[in-house]
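A short write-up of the structure that comes next.
Rule-based calculations on the coordinates, nothing more; no lab input. What you are looking at is a predicted structure, and each value in this text was computed from that prediction instead of being measured. Don't worry about glycine lacking a Cβ; one is built from the backbone with ideal geometry, like all the others, and counts go over all protein chains shown.
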Amino acid sequence: MSEEIEENRQTPFLEPPLDSEAVRPEPSDLFHNNPINFEVLQELEGVNILEATQFSFEQITELCKLAAILEKIEVWPYHPLDGKIAVTAFFEASTRTRISFESSVLRLGGKVISIADGTTTGQAKGESLSDIGEMFNAYADIVIMRHTETEAPDQILENLRIPLINAGNGSGEHPTQALADWYALLKWNPSLAVYPGTGGKNLHLGILGTPGSMRAVKSFLLMALQFSSHIKKVTIISEMADPFGEDVIGHLRNADIVYEVKNDIQETVADLDIIYMNSIAFLGDSYRSLGARYKLDANSPLREQAVILHPLARLDELDKSLDRTPHNLYFSQAHGAVFIRQALLLSVLGRLDTLPDLESIKP
Ligand code: CP
């Protein structure tokens, strides 16, 4: 066995090795001297979570503050979701989203019914999602669903009367991924949680991918518009001349944000403060044909303070040589997803009032 494999076997997933320089921002800076506004979070009770634009700036930042407290406690001695059952209905493969949601529910004392593979449901026999939704009403208190079809949330909502969280719908949206993305960024730079920022528009955001057809990229970009008072420019790096699609371009045009499209990440990488990457293997044309123009590694000319986000799973676009560098915010992003999803579940399921006195949590 090689030394590297032996070392990886001894390293728990998402825990960087001791010599890693990967960014692990301290959560307390988000809530220190900054009490949570629970009234803002209560607005989410019973609400379907379908798209990034449904969140206000205040809802995002208050969710992040609650997540930071939950992350700081880490081992939660209370059971605020006691008596609640979540169905995780995944009709498309997932590593992070399903497991982190299930971990969130279980850590908060709730119970989970897990559908890891949609072919084990009646859908394999031709059952409609609207009929499946009617059944879920009787079995659970919330549904967290991923599906290959963009229309899937609309279909299940025909009969669903308990809240639905969209965990990714085809080329549509992935709103809780965007919450996890921005939670990582707010921990990295807590001044982003202040509106309007006092430092002015000082961040150059690069997004590698196609917002019009990649759901994580789309939701991340749409949520970024809430932070436009901090963003100098958004550069989309895509092989497509028009990577946006009608929906996204409409939001961009209405936002106070400067944006541009580039064809090659190497042209712009040295100027970026935040780089959001996504796998570009699923666009029809093979990723490999795109070559080095879309790839980053530890030798890329990144700014010293630049951080990289990636919703994962990655392919060749994000080289493992970056894992132990100070540019790696992507492991923190994946780790923090458990806590931001806890904050969201507590809000949607109306269990905020069962939390203990959070003011007593010391940074
Ligand atoms: N980030 C993300 O959606 O990962 P999974 O596909 O593994 O859930």
Item to check | Helix-only CD estimate at 222 nm, as mean residue ellipticity for the chain, using -39500 (n - 2.57) per DSSP H run (n ≥ 4) | outcome: -9000 deg cm²/dmol
Next on the checklist: More than 17 angstrom separation, counting every C-alpha pair in the stretch 181-272; what % is that?
Outcome noted: 48
Checklist entry - Tell me, what is the Rg over Rh of the stretch 80-176, with Rh the Kirkwood radius over Cα pairs? => result 0.94
Next on the checklist: Can you compute 3J(HN,Hα) from phi for each residue in the stretch 300-311, using the Karplus curve 6.51 cos²θ - 1.76 cosθ + 1.60 with θ = phi - 60°, rounded to whole Hz and x for Gly and Pro?
Outcome noted: 5, x, 6, 4, 4, 8, 5, 10, 10, 10, 7, x
Item to check | Efficiency of FRET between Leu106 and Glu151 - r from beta-carbon atoms, R0 30 angstrom, step 0.05 | outcome: 0.50
Item to check | Taking N as its residue count, the alpha carbon Rg of the stretch 175-335 over 2.2 N^0.38 Å | outcome: 0.96
Checklist outcome for this item: Computed over the Cα atoms of the chain, the Rg and Dmax in Å are 20.0, 57
Checklist outcome for this item: Listed by chain and number, the lysines with an alpha carbon less than 23 angstrom from that of Lys201, same-chain partners under 8 positions apart left out, are Lys65, Lys187, Lys218, Lys232, Lys233, Lys262
Checklist entry - Over all Cα pairs of the stretch 58-103, how is the pair count split among 10 Å bins, expressed in % and running from 0 up to the last occupied bin? => result 20, 39, 38, 3
Item to check | the chain - charge dipole about Cα centre, Lys and Arg +1 at Cβ, Asp and Glu -1, debye rounded to 20 | outcome: 240
Next on the checklist: Can you tell me the convex hull volume per residue for the stretch 322-362, based on C-alpha atoms, in Å³ to the nearest whole number?
Outcome noted: 89
Item to check | Lys/Arg +1, Asp/Glu -1 at C-beta; the chain dipole; positive extreme among Ser279, Asn159, Ser56 | outcome: Ser56
Item to check | Kirkwood Rh, Cα atoms: Rg over Rh of the stretch 147-215 | outcome: 1.11
Checklist entry - Over all distinct alpha-carbon pairs, what is the Kirkwood Rh of the stretch 110-248 in angstrom? => result 17.1
